[in-house]
Structure formats: C-alpha cells, structure tokens
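Encoded as structure tokens, the structure appears first; notes follow it.
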Amino acid sequence: MHLSIPNRRILAFVGGLVLLLCLGGCRHAAEEDTGVIHLEFWNGFTGPDGKTMEKIVRRFNDSHKDPDGSGQAIKVRMQIIPWSTYYDKVTLSLAYGGAPDVFILHADRLPEYADVNAVITVDDLLKTGGLDPNDFAPRAWKAAQWKGRQYAIPLDCHPQALYYNTDLFKKAGIAHPPTNLAEFLEDGKKLTKDTDGDGKIDQWGFAFTWMRNNAHTFLSQFDSGWLTSDGRHSDLTSANAREAFQLMSDIIYKYKVCPAPEGEDAWIGFRTGKVAMAIEGIYMISSVEEQEGLKFAGAPCPVFGRHPGVWGNSHMMCMPRGISPEHRRAARTFMKFLSDNSLDWAKGGQVPVRKSILATPEFRKLPVQYEFSKELPYVVYSPPSTSLNQILPFCDAAVEAILNKIKPMNEALAEAARRTNAVLERQ
C-alpha cells in the first residue's frame, strides 16, 4: 500500500516551494563542469524488475558516454526505494530539495502531484517529435493526463488477467481457459475437489487474491467503479455495483468454487497447486516462474459481466517542477530511451504500451505478457482523483466485509459510500 501526500495544505506548500528550489542548478553545477550531465532516477523496483531496469540503465549509460551533438554526455544514477516509503521520500524531496530528475509515479498517484504542479508537462518532448502519442495504447496514454494536460510518459501497463494451472486443467479434461461466466463456473466446479476424501475441499477452482483489484475488475465489467464517472461521488450503492459484488459473493457461497478470503493466502495456493485459477497482475509472473514444478499459462480475464474490463495500472515517467533546462533535455533523452526499450522491460514482467513494440515478433514470443496485452483496449484504471488513496481503505473494508460475510452487502457498501462522500465533499 502506498502512502498518500499528507494533506492539501502541505501539497500547496510543495507546489509553491518547488518553484523556488534550485533543483537543476545548485545541485548539479559542479557535475556539469566535468562535461557530463548526471541524472538522478528514482523508482520502487525492488524485485526482479529492478534487475531488469538496472540493465537498461547500464546500456543507456554505455551508449551516452560521448557527446553527440549536444556537447555533453549523460550518466544516470538509479536509486531504488521500497514502495512502502517511496512516495513519502518523493514528496519530501520535491518540497525540500534533492528531487530526482526522472522518477516513477503510478498512474493512480499522478493526480496528487500534477494537481499542485509538482511535476511538469511533457509537451516539449512530444513537440520535438521524439515520441508519437498515436504509438501508445490510448487508455495508458490518457492515464498520464490530468485536467487535459500530459504530465507523464507511460512506461508500461500492468493489468490483471487470468493465471491458470495447465496441469490441473489437463487432469480435469478442460481444453482451454474460460472466456465467460458460464465457462468459468463450469470449469471451477470441475477443478474444485476433495482430493484425499476427508470431506474437506483441498483443491479450489478459483480464489480471490488482491481483493481490491479483483473487485475493481468485476465492477468495471458491470459499468461501475469506486466513484461515479465525474469523480464527485461514490458509486458503491448503485445497482450496478451491487450486481458486481453479489456475483463475487455467489462465486464463494452459491457456486462454491472459491474459498472465503479470510485465512487464505490465495496466491500461495495457486503457486502450490491448491488453486487452479487466479486473477492477478502481470507483475506476479516472476513468482510463478520461479515456483518449482508449477506449469501455468495466462489468458485474458473471463467476461463475468456485461462486457470485458480489467483493473490495470501503469508506471509513469515524470520530471519535477524546477528542473534546469539542461537536465530537462537530458531527462527527455533518457525517458525516450526507456520507452524505446520497453520490450526489454516487458521481459522482466510488464506489458509495453507502445503499439510498435506490441506488434513485434519478439514481444509475441513472451506468451504470458502477450496474452495480458490483449486486454489493453479495455483496461480500466482507477478513477483519477487527488483523494483516491484516502477513500480506498473504505472500499477495502467493504470488499472484505462482503466476501467474508462480516456485514450484509448493502450495509457495507452504504458505509463505504458515506465515508467516501465525506472525503470528496472536503475537496
């Protein structure tokens, strides 16, 4: 879970203060005298994705050692900070100095920073012809906007999709992954078994993993979400939201192909062959690839509701307000390099968002990533709101209460909606 920027007064302070900071000049003046522009790049890639990014950064540095028309070489120093503390450190660096030249924000966190001008637009990068907006998946590109302006370049998309155990499917005589609710329930019943005859289910057809994002996927397929389309009110008490949550509950208690989430580590269950299907993000691929003996595959999420829809997020490449012109130009060069090389990034467990890369034979050879990429036309990002991280805990509590039968569904949703609306009214 990511920490939100403390409050709007501090945010306003950050937005005003970064205009005065000497982020590009004072900090780097001595370094520029050497003829090399040193860029600081911050992210939270602490897992296998960090090793992949280190290789890409190393290749950038090797290829930009000598001046090439600009008069200066560029060298990037990458700092990896755990996501649990990452946003606090980014916020403090923007407020008090020492901000990185390029840093990663998740798409759902971008509004908090863009709303107070703590990050700058990337209009100049687009005007120079370095990147073509039409070469990006439209929904990922739009997720990098705030109030009609482009504040970031999407590096990737990490949507949820279906992971399934191919061995268990084969043993159950299932030829292909489910594509709709009827197939999902039919397969789920075949895959839910008491394998040792003790009267207890020890192999489940399906399990909910990250309940918040699983719920977002179901809501999106029923034309609902955490907020109304204008972002001004909670949508959790709508008929569409109730229909989505009722189906999630029915999968557990009516159709009995999924355990109640309480006390279950669903992802461990999938990794160890005790769960046959799970809906999770592409970022989990490394954890199943390293699981000894597990045979798995990926597929687009089944259509449970009225139309396809899945939760997704993106890593956005941003620059801070106050960056010097020299570092801005160098940062643009680096950001374009990362985007141009996002096929290598995809190999580490992501889905690229450049159409030209998605169409390459090399990308299609990544079987799971390729299957997940089929969802890009209908991936649904979290609603753009500066208050999102304040309201998500209320949503989490409602989802947990419903799926574990702690409270009646209508009561849980009404409480979450009331608390959400109270936050939104203070904006």
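The values are calculated or read from the model by the stated rules, or taken from the named source; none is laboratory data. This one's a predicted model, so the numbers in the text were calculated from it and none came from an experiment. A quick note on method: Cβ atoms are made from the backbone with ideal geometry, for glycine too, and the neighbour counts reach across all protein chains shown. Ligands, DNA and RNA are stripped out before the accessible areas are found, and what is left, the full protein with its side chains, is counted by its heavy atoms. Shrake-Rupley method; radii C 1.70, N 1.55, O 1.52, S 1.80 Å.
Given a 1.4 angstrom probe, what's the average accessible area per residue across the chain, in square angstrom?
Result: 43 Å² per residue.
Sorted by average packing, counted as other Cβ atoms within 10 angstrom per residue and highest first, what order do 48-61, 307-320, 364-377 take?
Output ranking for 48-61, 307-320, 364-377: 307-320, 364-377, 48-61.
Have a look at 65, 274, 193 and tell me which one the Gaussian network model of the chain (Cα, springs below 10 Å) gives the largest fluctuation.
In this elastic network of the chain, the residue with the biggest mean-square fluctuation among 65, 274, 193 is 65.
Mind listing the phi-derived Karplus ³J(HN,Hα) values for the stretch 288-300, rounded to whole Hz, using 6.51, -1.76 and 1.60 with θ = phi - 60°, and x for any glycine or proline?
So the J values, rounded to whole Hz, are 8, 5, 8, 7, 5, x, 7, 10, 9, 8, x, 7, x.
Counting only residues 5 or more places away or on other chains, whose amide H sits under 5 Å from the amide H of residue 162 once H atoms are built in the peptide plane?
299, 301
Taking the square root of 5 times each eigenvalue of the Cα gyration tensor, what semi-axes in Å does the equivalent ellipsoid of the stretch 248-393 have, largest first? It would help to have the intermediate numbers written out before the result.
On the way: eigenvalues 222, 89, 48 Å².
Equivalent ellipsoid semi-axes, largest first: 33, 21, 15 Å.
Calculate the tail of P(r) for the chain: the fraction of all Cα-Cα distances greater than 40 Å, expressed in %.
Roughly 21 percent, once rounded to a whole number.
Please list, or write none, the lysines whose alpha carbon is within less than 29 Å of the alpha carbon of residue 200, excluding same-chain residues fewer than 8 places away.
Qualifying lysines at Cα under 29 Å: 170, 171, 189, 190, 254, 256, 274, 295, 405, 407.
Under 18 Å between alpha carbons, and skipping anything fewer than 8 positions from residue 65 in its own chain: which lysines qualify?
55, 75, 336
Could you run the Karplus curve 6.51 cos²θ - 1.76 cosθ + 1.60 with θ = phi - 60° over the stretch 208-216 and give me ³J(HN,Hα) per residue in whole Hz, x for Gly and Pro?
After applying 6.51 cos²θ - 1.76 cosθ + 1.60, I find 6, 9, 7, 4, 4, 6, 4, 5, 4 Hz.
When the helix-only estimate is applied to the chain (DSSP H runs of n ≥ 4, each -39,500 (n - 2.57), divided by the residue count), what is the mean residue ellipticity at 222 nm, nearest 500 deg cm²/dmol? Before the final figure, lay out each step's value.
Values: 20 runs with 184 residues, N = 427.
The helix contribution divided over the chain gives -12500 deg cm²/dmol.
Answer with one residue from 111, 213, 85: the one whose Cα lies farthest towards the positive end of the charge dipole of the chain, charges on Cβ with Lys, Arg +1 and Asp, Glu -1.
Checking the options against the dipole of the chain, the answer is 111.
Would you calculate the separation in nanometres between label points at residue 397 and residue 96, each defined as 7 Å from the Cα along the Cα-to-beta-carbon direction?
Result: 3.2 nm between the two label points.
Starting from the amide H of residue 296, placed 1.01 Å from N in the peptide plane, find each other amide H under 5 Å away whose residue is 5 or more places distant or on another chain.
For residue 296, whose amide H was placed from the backbone, the distant partners under 5 Å are 166.
Per-residue counts of other Cβ atoms within 10 Å, averaged by peptide: what ranking do you get for 403-409, 328-334, highest first?
328-334, 403-409
Given a 1.4 Å probe and every protein chain left where it sits, what share in percent of the accessible area of the stretch 73-154 is carbon and sulfur?
For the stretch 73-154, the apolar C and S fraction of the accessible surface comes to 50 percent.
Using alpha-carbon pairs under 8 Å, 6+ residues apart, how would you state the relative contact order of the chain in percent?
Details: 776 pairs, mean separation 103.3, N = 427.
For the chain, the relative contact order is 24 percent.
Say R0 is 60 Å: what FRET efficiency, to the nearest 0.05, do residue 36 and residue 289 get from their beta-carbon distance?
On the way: r = 38 Å, r/R0 = 0.63.
Result of the calculation: an efficiency of 0.95.
So, with a 1.4 angstrom probe, what is the percent of accessible area on the stretch 165-279 that is carbon and sulfur?
48
Choose one answer from 294, 191, 343: the residue with the largest mean-square fluctuation in a GNM of the chain with alpha-carbon springs under 10 Å.
294
So what J values fall out for the stretch 73-87 if you push phi through Karplus, 6.51 cos²θ - 1.76 cosθ + 1.60 with θ = phi - 60°, rounded to Hz, Gly and Pro as x?
3J(HN,Hα) across the stretch 73-87, in whole Hz: 7, 10, 10, 9, 10, 9, 10, 9, 10, x, 4, 4, 10, 4, 5.
If you project the alpha carbons of the stretch 95-209 onto their three principal axes, what span does each projection cover, largest first, in Å?
64, 35, 22
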